[in-house]
Amino acid sequence: MKTSYITLIICSLIQYEITAQTTLDKPQFSIESGFYTSDITLNCSCSEPGAELRYTIDGSTPSLASTLYTQPLLLGSRVGEPNDISMISTGYDWAAPNNEIFKGHVISAKCFKSGFLDSKTKANTYFIDSSIDNRYETVSVVSLIADAGNFFDYDTGIYVLGINEPICQMDACGNYGMRGDAWEREVHFEFWESSQNSLAISRNLGVRIHGGATRNHAQKAIRFYARDEYGKKNLEYPLFGEAGPTSFKRFMLRAGGNDGETMVRDSYHHQFFTGAGVETQLYKPCVLFVNGEFWGYHGLRESYNKHYFNSYYAIDKDSIDYISEGPSDIVLGGVVADEGDMVSFDTLLYYIDNNDISTSAGYNYVANEVDILSLSTIYIAEMFVGNQDWPGNNVKLWRPKDNSRKWEWCLVDTDIAGVGNMPVNMFSLDIPPGEGSYTEPIILEMLTNAEFLDYYINRWADLLNTRLLSSNTGSKLDLTRDNMAQVIDEQYERWDTPQELIDWLPAMNDQKNWMEQRVPIVWDELEDYYTITKANITLDVSSASHGSIQCNTIPPNELTNFPWSGDYFIEVPIHLKAVNKPGYQFIEWVGDVSSIDKEITVSVTAGMNITAVFEPLTKSIVINELIASNNSSSADGAGEYDDWI
């Protein structure tokens, strides 16, 4: 009994000694990660006296077997050094870099001392080149530092075919086809904005391969995860500036996907529809480095998931239904609830299948469940860009379980769209295109309802008159092209894509021209398919400083240049609402319409002119007290009895 008691004490003391050990602080570096035009001398140190610092230069985690730091590190240009990890095959279509690629230094260091727990790893990236200041002026820069095996090990690397080459999950084989927690790896993530003035982010994250069939491409999309085990549960930084959230659980770097010509079709298309009633993924042009080696052009993008919806709408992230049709992280095809379940959605489809939606009762039921602005806009978006990988695929929609919002759609993966991808009139394919889509009955049945059909046609006209004008689509393409142009040569040297470098600029210009030509083509297709007649109308206001007009679904802040002209259809009435600014009031509509109602429904005629008249609010005097004969009632300050109001 005494022996057992003494043993317990000894074991407890040993356990206390182990758990009471102090963890060494991270090493200190004299120079921050960044961009330098000339050689630098890096001093590294441990704060604990007697601790030794060991480091690596290949991204691997330092150990007691790593190089012992004994003197400052002189870092200079890496020009002339052979390519390393970029020579590892990453898929069947992989090709070695055409030439030597640009490289930076990655320095990883840890402190060690007997009797102490090892420090965490300090990892920095240094890009050194005499012309580095203007090398990446138009793109942000991401550097990943990690044990190379996390990406390229035969058994465990997520970026290679590896041991799982014979195994296919969904539409990709090999290690990079694997999904789930087991195929997430830890990396150190560093991020600089395009200004490159200072390091914006430096922290550890989890990373997985992202996508469906695009996993098979040599250059892959990767998705990042913020977790407590990597340091903090969220990444607190406005990755997309004021346009997006300031906190992220997940985001991704997307390569060209199935767009091997421009690499930016999907991100380009999303820009037209952000804030238009469908979810879109914000975009920022980037270049990626992996363990110091140039890894090509990528688009920094948002990732749809429960955290995305929580960030934008402050809803309970664990109480939503998020549905995918087509490949997801769960199934190859069909429909699946990535979050929540299918109960509510299947109930909606059952109602549609068993009721007449052309009636008011049928329409009202569906409109109470479905956001009709979102429903209309997603089909218009997909049809306008000519997406050939939809609607039986790449369909995503969501709704909170508390029904505080209706079913809304997400725009996703429009790589196979635009110039060269649309051989036929999208309206001729039994609007919308495709057969066998699980979600398609919603739009098809709603289009049997006259009220919704008018709404849908007007939504087409609203977008064609505003967001889809060539002046808007063209300027966005110009900016996208100009941002990417600076790095397209390096992209081609690294990955041999776009397919032919000499064809990239013509492909971008073709895309711009295609979008410009698309607008008149769609107007004609709308007229032909619905047997309706286009007519131009002009809207005006008495003074733009006094108020504006909401036309159908066009918000008043998008109608600012008056007089404003747009095309609508004689057979489809439009809805106008006068919106006064503070200090002003609506008076009347004049011109081809006369009314004092702020909201009116108008039958369109060719050449119609309508003006909303606003006036300043009338300033009135309110008399709340009056003494007309004040002989003795109330004396003023001088003791006199004057009349007053």
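The values are calculated or read from the model by the stated rules, or taken from the named source; none is laboratory data. Everything numeric in this text was worked out from a predicted model, so none of it was measured. A quick note on method: Cβ atoms are made from the backbone with ideal geometry, for glycine too, and the neighbour counts reach across all protein chains shown. Ligands, DNA and RNA are excluded from the accessible area calculation, which covers all protein heavy atoms including side chains. Shrake-Rupley method; radii C 1.70, N 1.55, O 1.52, S 1.80 Å.
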At 1.4 Å probe size, with no ligands or nucleic acids counted, give the accessible surface of Tyr283 in Å², nearest ten.
50 Å²
Over 28 Å between alpha carbons, listed pairs Lys103/Lys306; Lys306/Lys598; Lys249/Lys396:
Lys103/Lys306; Lys306/Lys598
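What whole-number value in Å² describes the accessible area per residue of the chain for a 1.4 Å probe?
Per residue, the chain has an accessible area of 44 Å².
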Mean-position separation - Cα centroids, segment 224-262 and segment 107-121, in angstrom
30 Å
Roughly how much of Trp523 is accessible, in Å² to the nearest 10, using a 1.4 Å probe?
10 Å²
Classify segment 38-84 as rounded, prolate or oblate, taking a ≥ b ≥ c as the square roots of the eigenvalues of its Cα gyration tensor: rounded when a/c is under 1.5, otherwise prolate if a/b is larger than b/c and oblate if not.
oblate
Relative to the present Cα-Cα distance, how much length would full extension add between Ser47 and Glu525 at 0.36 nm per residue of separation?
164.9 nm
Ordering Ser202, Ser319 by accessible area with a probe of 1.4 Å, largest first, what comes out?
Ser202, Ser319
If amide H atoms are modeled at 1.01 Å from N in the peptide plane, then the residues at a separation of 5 or more from Met608, or on another chain, having amide H under 5 Å from its own are Thr538
Please work out the Kirkwood hydrodynamic radius for segment 441-561, using every pair of different C-alpha atoms, and report it in angstroms with one decimal place.
17.8 Å
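Relative contact order of segment 190-279, please, whole-number percent, based on alpha carbon pairs below 8 angstrom and at least 6 residues apart.
It comes to 19 percent, rounded to a whole number.
Among 587-600, 258-271, how do they line up from the highest to the lowest mean number of other beta-carbon atoms within 10 Å?
Sorting 587-600, 258-271 by mean packing, highest first, produces 258-271, 587-600.
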Residue-ordered couplings for segment 179-191, obtained by feeding phi - 60° into the Karplus form 6.51 cos²θ - 1.76 cosθ + 1.60 and rounding to whole Hz (Gly and Pro as x), are 10, x, 4, 5, 10, 10, 10, 8, 9, 9, 10, 10, 9
Would you give the gap between the C-alpha center of segment 499-525 and the C-alpha center of segment 49-76, rounded to a whole Å?
52 Å
Calculate one ³J(HN,Hα) per residue across segment 401-413 by plugging θ = phi - 60° into the Karplus curve 6.51 cos²θ - 1.76 cosθ + 1.60, and present them in order as whole Hz with x for glycine and proline.
5, 7, 6, 6, 9, 8, 5, 10, 9, 10, 7, 8, 6
Obtain the nm distance between the two label points defined at Glu242 and Leu117 by a simple spin-label model: each point lies 7 Å from its Cα along the Cα-to-C-beta direction.
4.4 nm
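Per the 1.4 Å probe, what fraction of the accessible area of segment 43-142, in percent, lies on carbon and sulfur atoms?
Carbon with sulfur: 49 percent of the solvent-accessible area.
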Calculate for the chain the 222 nm mean residue ellipticity that helices alone would give, adding -39,500 (n - 2.57) per DSSP H run of length 4 or more and normalising by residue count, nearest 500 deg cm²/dmol.
-7500 deg cm²/dmol
Assuming R0 = 41 Å, can you tell me the calculated FRET efficiency for the pair Ser543 and Asp402, based on Cβ-Cβ distance, to the nearest 0.05?
0.40
Percent carbon-and-sulfur accessible area, segment 199-337, ignoring ligands, DNA and RNA, probe 1.4 Å:
46 percent
Classify segment 183-231 as rounded, prolate or oblate, taking a ≥ b ≥ c as the square roots of the eigenvalues of its Cα gyration tensor: rounded when a/c is under 1.5, otherwise prolate if a/b is larger than b/c and oblate if not.
oblate
Can you compute the FRET efficiency between Ser89 and Asp353 using 1/(1 + (r/R0)^6), with r the Cβ-Cβ distance and R0 = 41 Å? Round to the nearest 0.05.
0.25
Can you order the peptides 73-81, 149-157 by their average number of other Cβ atoms within 10 Å per residue, highest first?
149-157, 73-81
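Only Cα pairs under 8 Å and at least 6 apart count here; give the relative contact order of segment 262-399 as a rounded whole percent.
22 percent
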Pop out the ³J(HN,Hα) list for segment 339-353 in order, Karplus 6.51 cos²θ - 1.76 cosθ + 1.60 with θ = phi - 60°, rounded to Hz; leave Gly and Pro as x.
9, x, 8, 9, 4, 4, 5, 5, 4, 4, 5, 4, 4, 4, 6
Under-5 Å amide H pairs with Leu300, H placed in peptide plane, nonlocal only
Arg254, Lys284, Cys286
Starting from 0.36 nm per residue, how many nanometres of slack lie between Thr67 and Ser594 once their C-alpha separation is accounted for?
181.2 nm
Relative contact order in percent for the chain (Cα pairs under 8 Å, 6+ apart) equals 9 percent
Counting only protein heavy atoms and a 1.4 Å probe, tell me what percentage of segment 437-509's accessible area is made up of carbon and sulfur.
55 percent
Using Cα atoms only, what is the angle between the long axis of helix 450-464 and the major principal axis of the chain, expressed in degrees (0 to 90) to the nearest 10?
60 degrees
Amide H to amide H, which residues 5 or more places from Gly334 or on other chains are under 5 Å from it, using H placed in the peptide plane?
Gly326
Cβ charges +1 (Lys, Arg) and -1 (Asp, Glu), total dipole of the chain, debye:
2100 debye
Give me the extension gain from Asp318 to Asn561: residue separation times 0.36 nm, minus the current Cα-Cα distance, reported in nm with one decimal.
83.1 nm
